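The structure appears right after this line, and notes come after that.
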Amino acid sequence: MKGYFFAFEGIDGSGKTTQINLLASKLTQLKKEVIVVREPGGTALAEAVRQILLDKQFQGMNGWSETFLFCAARADLVQRVILPELDKGTIVLADRYRLSTEIYQGIGRNLPLEKVQEVLDLATHHLKPHLTLILDVPLELSLQRLQSENRVFDRMETSGMEFFQRVAKAFREVNDQDIIHLDGSQSIEKISEEIWSVVKQFLELGENE
Ligand code: ADP
Ligand code: TYD
């Protein structure tokens, strides 16, 4: 595998999409090959599964059905897009990846984490990101941001406060050697600078870049 794989994680409204777009344009300016994928989605099959997952007609979906659907979408994305791009040497930026399933389904839906991880390993051929960057924001702030966008809440976003508190706490507390926590309540520019310094160091880009 020649490329690099960075996953961005955090609760809804934590600023992932904003930061990924900024990072992608910085890397593109340096003539790096970059692709952005958002989950669930990124292939025809995964986009179709996304429609089911976010559709409020399926309120109260069984936790395992939800897990398998997220994993079905991810299996297609990994096989058709992420692995071939990494083989070509592309930098892949993912708006969510396996940590979302561990936290939203494992912890949020109260499923046994080791079993969820087994399903994830099968679906992804054990493909892990080089780095996972988590944007930590208080739940209240993310809700304020989403409300100010005036958007219609999807099925996942109508899972209730208790669910989201559990999810937010899990994102804040998760720790691993390839996980980096960033304070997502800072300004967009400040967070972007912090991400750039992490990524630059990781990719061993020169000081002038
Ligand atoms: P996510 O992809 O994690 O759901 P977005 O990047 O779509 O988050 O951001 C959600 C909303 O919050 C958008 O309206 C965005 O402009 C705004 N936003 C993102 N980052 C910040 C920030 N650091 N400070 C204030 N508002 C932000
Ligand atoms: P999306 O609109 O992409 O949210 P965001 O912009 O915050 O990323 O919707 C994806 C929703 O699905 C979001 O609520 C998180 C949830 N999700 C899971 O529960 N498990 C997963 O494995 C993934 C990828 C997402």
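The values are calculated or read from the model by the stated rules, or taken from the named source; none is laboratory data. From a predicted model like this one, the values you see are computed outputs, not experimental measurements. FYI the Cβ positions are ideal-geometry reconstructions off the backbone, even for glycines, and counts take in every protein chain you see.
Of note:
- Residue satisfying condition, being touching a helix residue (DSSP H, G or I) at 6+ places or on another chain (Cβ under 9 Å), away from ligand 1 (no atom under 16 Å from the Cβ) and farther than 17 Å from residue 7 by Cβ, within set 122, 131, 77, 127: 122
- Boolean, residue 131 is away from ligand 2 (no atom under 16 Å from the Cβ), within 30 Å of residue 80 (Cβ to Cβ), surrounded by fewer than 16 Cβ atoms within 10 Å (Cβ to Cβ) and not charged (D, E, K, R): no
Rundown of residues vs (1) part of a loop (DSSP other than H, G, I, E, B); (2) touching a Phe, Trp or Tyr at 6+ places or on another chain (Cβ under 8 Å); (3) among the aromatic types (Phe, Trp, Tyr), yes/no style:
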site	(1), (2), (3)
1	yes, no, no
11	yes, yes, no
20	no, yes, no
28	no, no, no
40	yes, yes, no
53	no, yes, no
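- Tally of residues being of a type in the set (S, T, N, Q), within 16 Å of ligand 1 (Cβ to nearest atom) and not in a helix (DSSP H, G or I) across segment 164-209: 3
Conditions tested, residue by residue: (1) surrounded by 14 or more Cβ atoms within 10 Å (Cβ to Cβ); (2) of a type in the set (Asp, Glu); (3) over 19 Å from residue 133 (Cβ atoms); (4) without any contact (Cβ under 8 Å) to a residue 24 or more places away in the chain.
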position: 4; (1), (2), (3), (4): yes, no, no, no
position: 10; (1), (2), (3), (4): yes, no, no, no
position: 13; (1), (2), (3), (4): yes, no, no, no
position: 31; (1), (2), (3), (4): no, no, yes, yes
position: 46; (1), (2), (3), (4): yes, no, yes, no
position: 50; (1), (2), (3), (4): yes, no, yes, yes
position: 72; (1), (2), (3), (4): yes, no, yes, no
position: 96; (1), (2), (3), (4): yes, no, no, no
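- Selected residue (criterion: modelled with the lowest pLDDT) from residues of segment 141-163 that are part of a helix (DSSP H, G or I) and away from ligand 1 (no atom under 13 Å from the Cβ): 158
- Apart from one condition, residue 61 fits all of (1) within 12 Å of ligand 2 (Cβ to nearest atom); (2) touching a residue at least 60 places away in the same chain (Cβ under 8 Å); (3) within 21 Å of residue 132 (Cβ to Cβ); the exception is (3).
- When we screen 70, 58, 5 for residues that are farther than 30 Å from residue 140 by Cβ and either more than 16 Å from ligand 1 (Cβ to nearest atom) or out of contact with any Cys (no Cβ under 6 Å at 6 or more places or on another chain) (or both), the only hit is 5.
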